[in-house]
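The values are calculated or read from the model by the stated rules, or taken from the named source; none is laboratory data. Note that the structure is a prediction, hence the values are computed from the model and not measured. Using ideal geometry, Cβ is built from the backbone for each residue, glycine included, and neighbour counts are taken over all protein chains shown. Surface areas here come from the heavy atoms of the whole protein model, side chains and all, with no ligands, DNA or RNA. Shrake-Rupley method; radii C 1.70, N 1.55, O 1.52, S 1.80 Å.
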Amino acid sequence: MTSVDLSIQLCNLTLRNPTILASGILGTTKALLKRVAGNGAGAVTIKSVSREPREGHKNPTVITFEGGMLNAVGYSNPGVDAAAREFSCLQEVNAPVIASVIGTQKEDFARVVEGLSGAKFSAIEIPLSCPHTPGFGLLAGQGTPEATFAITSEVRKITQLPIFVKLSPNIPEICTIAKAAEDAGANAITAVNSMGPGMVINIEAKKPVLDFKVGGVTGDALRPIAVRCVFDLYKAVKIPIIGVGGISTGRHAIEMMMAGASAVGIGTGVYYRGIEVFKKVCEEMAQWMEENGFDKVNKIIGAVHD
């Protein structure tokens, strides 16, 4: 390994490198989180948890197309009580663990956070948009600063942990939404969730491929949109940004950080490069940094704004 320093400070968390397992990918059990951390992730995020168990949508829930993926999983999860049991003893993971919590009303978010309080999570992520599950994060997904402020404030009352608010790329005024989250006590912005919804049709069957018909777009098609969102947010808020969307190489990660991200979330990249994607991305980042005269990764953050 090279001599460059990939460690970062994200709020009050120290990450050995800026890569984070995005929510919804491999985050269903503590054992899987340990595997991801063992393969180089700087932090990991669990699959989103709701108050009650959810079956989610029927298969097929994920498909690929030329520009990336469509997914319509539907927030399947065992509910907060089962999740609290599964994610006990998180120190075994050997990386900060972020809890992703979902709800349809502000009180739902708070109750899930409260239900998970016995586990030693390092931060809370609240996705306030979903292009494939009507009702979840609906108000904020429609782009209202008031709903964002209300939900974030409610969660802030319950926990002292860092709060990361995850925003949709579909909102034209994403900076206004982010500032509302910041004003309500958010410690970071996660940008972005999947975009869309989109649709892929099987022309022989004359029907959409996904059982739910539409799904959130991720992967390469999302990356330029996510980079632009991070670029805009960096100028609008003072809190850190976690850049998510289509990152699968070291160059992608550096691009996102130059736009203004302090850390990068990887989701679809696990499909394309395997669970080792975190280690590979870090190795590629370190090599590029050495070749281009960067000794610390935090010197890259916002470099395009200089």
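Using beta carbons and a limit of 8 Å, which pairs, at least six apart or on different chains, have the first residue in the stretch 237-255 and farther than 10 Å from G265 by Cβ and the second one in a strand (DSSP E or B) and open to solvent by 10 Å² or more (accessible area, probe 1.4 Å)?
Note: pairs meeting the criteria are G246/T218.
Look through T28, T14 and report the one residue that is within 19 Å of the chain's Cα centre (by Cα), within 25 Å of F294 (Cβ to Cβ) and at pLDDT 95 or above.
T14
Looking only at the stretch 212-232, count every residue that is open to solvent by 40 Å² or more (accessible area, probe 1.4 Å), farther than 16 Å from G198 by Cα and not basic (K, R) and tell me the total.
Result for the stretch 212-232: 3.
When the residues of the stretch 245-260 are filtered to those that are assigned to a loop (DSSP other than H, G, I, E, B) and of a type in the set (V, I, T), which remaining residue is least open to solvent (accessible area, probe 1.4 Å)?
Only one residue fits best here, namely I247.
Which pairs do you get when a residue that is at positive phi, found in the stretch 183-203, comes within reach of a residue that is open to solvent by less than 40 Å² (accessible area, probe 1.4 Å) and polar (S, T, N, Q), reach meaning Cβ atoms under 7 angstrom, with the pair 6+ apart or on two chains?
Pairs that qualify, where the first residue is at positive phi and the partner is open to solvent by less than 40 Å² (accessible area, probe 1.4 Å) and polar (S, T, N, Q), are G185/T152; G185/S153.
Among the residues of the stretch 59-77, write down those that are of a type in the set (V, I, T), at pLDDT 95 or above and open to solvent by less than 60 Å² (accessible area, probe 1.4 Å).
Listed by number, the residues that qualify are T61, I63.
Which of (1) within 19 Å of I247 (Cβ to Cβ); (2) open to solvent by less than 40 Å² (accessible area, probe 1.4 Å) is the odd one out, the single condition S50 does not satisfy?
Here S50 clears every test but (1).
Residue under question is F212, and the condition is that it be of a type outside the set (A, V, I, L, M) and in contact with a Gly (Cβ under 8 Å, 6 or more places away or on another chain); does it hold?
Values: of a type outside the set (A, V, I, L, M): yes; in contact with a Gly (Cβ under 8 Å, 6 or more places away or on another chain): yes.
Considered against the rule, which asks whether it is of a type outside the set (A, V, I, L, M) and in contact with a Gly (Cβ under 8 Å, 6 or more places away or on another chain), F212 comes out as yes.
I'd like to verify a number: residues in the stretch 55-105 that are among the small types (G, A, S), farther than 24 Å from G118 by Cβ and over 18 Å from the mean Cα position of the chain (by Cα), how many?
So the count comes out to 2.
Just the residues that are more than 19 Å from V113 (Cβ to Cβ), at pLDDT 90 or above and buried (at least 22 other Cβ atoms within 10 Å of the Cβ), please, taken from the stretch 134-168.
Scanning the stretch 134-168 gives a single hit, S168.
Only residues that are open to solvent by less than 30 Å² (accessible area, probe 1.4 Å) and in a loop (DSSP other than H, G, I, E, B): list them for the stretch 78-107, please.
Matches in the stretch 78-107: G79, F87, A95, P96, I102, G103.
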